[in-house]
1. Just going by the charge dipole of region 49-121, with Lys and Arg at +1 and Asp and Glu at -1 on Cβ, which of Phe81, Leu50, Ala65 is farthest out on the positive end?
2. Where does the Debye-calculated log10 I(q)/I(0) of region 98-208 sit at q = 0.13, 0.17, 0.18 Å⁻¹, using only Cα point scatterers of equal weight, no solvent?
3. Work the Kirkwood hydrodynamic radius out for region 328-383: mean of 1/r over every pair of different alpha-carbon atoms, inverted, in Å.
4. Rg and Dmax of the chain, using alpha carbons, in Å: what are they?
5. Can you order the peptides 417-430, 295-308 by their average number of other Cβ atoms within 10 Å per residue, highest first?
6. Using a Cα-Cα cut-off of under 30 Å, which lysines could be cross-linked to Lys145, ignoring same-chain neighbours fewer than 8 residues away?
7. Once every Cα of region 448-487 carries one equal point scatterer and solvent is ignored, give the base-10 log of I(q)/I(0) from the Debye formula at q = 0.24, 0.25, 0.30 Å⁻¹, two decimals.
8. Enumerate the aspartates and glutamates that Lys41 could reach by cross-link, defined here as Cα to Cα under 12 Å, with residues fewer than 8 away along the same chain left out.
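The values are calculated or read from the model by the stated rules, or taken from the named source; none is laboratory data. Just so we're clear, the structure is a prediction, and the values are computed from it rather than from any experiment. Neighbour counts run over all protein chains shown; Cβ positions are idealised from the backbone, glycine included. Surface areas here come from the heavy atoms of the whole protein model, side chains and all, with no ligands, DNA or RNA. Shrake-Rupley method; radii C 1.70, N 1.55, O 1.52, S 1.80 Å.
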Amino acid sequence: MTEATADTTIVDRADIQGIILSGYNHLPHAAYLFLSFGNAKGARRWLGALLPSISTGARWSRSKAGGLEKPGEAVFLAISFPGFEALELPETTLNSFVPPFTLGAAARADILGDVGESAPQHWEIGGPDNPVVHALLIAHAHSAKAVHLLEAKLTALIEDSDGAVSLVAAEHGYRRREAKEHFGFHDGLSQPYVDGVGAPKRDGQLPVDTGEFIFGYRNAYGLYPVSPVVPLRDDPHDILPPFPEGALPECHDFGRHGSYLVYRKLEQDVAGFWKLIEAQAEAEAPQMLQLAAKCLGRWPSGQPITLSPERDPFDYTDNNDFDFMPFDPDGLRCPIGSHIRRANPRDALANDTPLDSLRTSSRHRLIRRATIYGAPLVTAGQTEWPHAPKGVEDDGKPRGLQFLGINADIARQFEFLQQSWCNEPTFNAQFATKDPMIGDNAGQGYMTLQATPFRRRIPHMPRFVETRGSVYLFLPSITTLRYLAGR
């Protein structure tokens, strides 16, 4: 099944920051450096010095043996709305950014479920009591030592700016060798296939239009995403490109080949999750693993429970070749309120035909990049069938996800997914349920498990993921970064 309305060719991959086009899975260690700009002139000079280090989406070359010559490190830069203000962008340009971005993540907390212990006043990054974040510098490398050396190099460049740029916070993350997050499940599996990026996947899913993630291409509605503008008078050297198809001839396109980036620091209550599972499954290990899989929608190996409802088969091989309606229309295998059915309902939205549901789902996708932080509390072997982690006790140490979401429309993609699908109690004709894994549950709702002859409910669902920081940023193209450096 294929369908796409957008352009199918990326004109210049080398103009796009590489994190949009690749997850750099071969570089599992990451540093996240949050920056503040002291003065515009010095910050622009620093940006010019940094530019050669930014990794692009240009295709990697091949060795004589035919293998890809993958880079040993990668660096990316995203800038917040206050950062663009500090860089003294023209007022017309500042006013042309979309409201969620200009308002920032903290101002959107209520609609995202960032309340209680997840409210901005408790955040470590991006909250009202934290230093204002003007930019995020992301560094990836193949080992902890290598990322430390890369971080030191980038920090030295910051220190050379004579106070024009300063480091206000630093976070670190990594990916486990077995690619599992802290709850014990294989992570980062269901990425959208973006039309025009890479080879088509044979997984039966609709390609997502290029403009859902990259400015300058048509989105799922056949339109170009709303891109920030720069009046011609403010680009006297014609660095920025014109708008597609001659639109807005009096302006240049600031957003072309860029995308919005949502940063979230998410703390996971691993002990709380497995204690609930153990109590509800009466400490029977296979039943524990199955119940946990029903909450997520996948087994710890990554295998969809829709395809393998009884046990984890251990043979997951990037298998996203499934829809819910042919195998599981009523949620008897994978509950309708499970995490994966909320985050990507595929063909199973109520009151939609399967094809219309697939189209709707494709309009709310994210490109997801993530690492974990903190030491594991549950080992990989503890969640291998038929074993399950019993008697898990919290050690008091923080652990969770460094989450990055890439999208061209923050409101319609990231915020809609979080608010209308993950945190909506009536999602898909449910009642009093929220996403069991990442929802803003507070002990009042249920997790409903469809079954015959009677469904089952897990009452008083607690919240297992708390927000510890959030920032809305923009990933400019290389051309736009050159423009910023040269203003």
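1. Farthest towards the positive end: Ala65.
2. -0.90, -1.21, -1.21
3. Working: mean 1/r = 0.0729 Å⁻¹.
With all distinct Cα pairs of region 328-383 included, I get 13.7 Å.
4. So, for the chain, Rg and Dmax equal 22.5, 71 Å respectively.
5. On the way: 417-430: 17.7, 295-308: 23.3.
The peptides rank, most packed first, as 295-308, 417-430.
6. Qualifying lysines at Cα under 30 Å: Lys64, Lys70, Lys153, Lys180, Lys265, Lys397.
7. The Cα Debye sum returns log10 ratios of -0.87, -0.89, -1.01.
8. Result set, ordered by chain and number: Glu88, Asp162.
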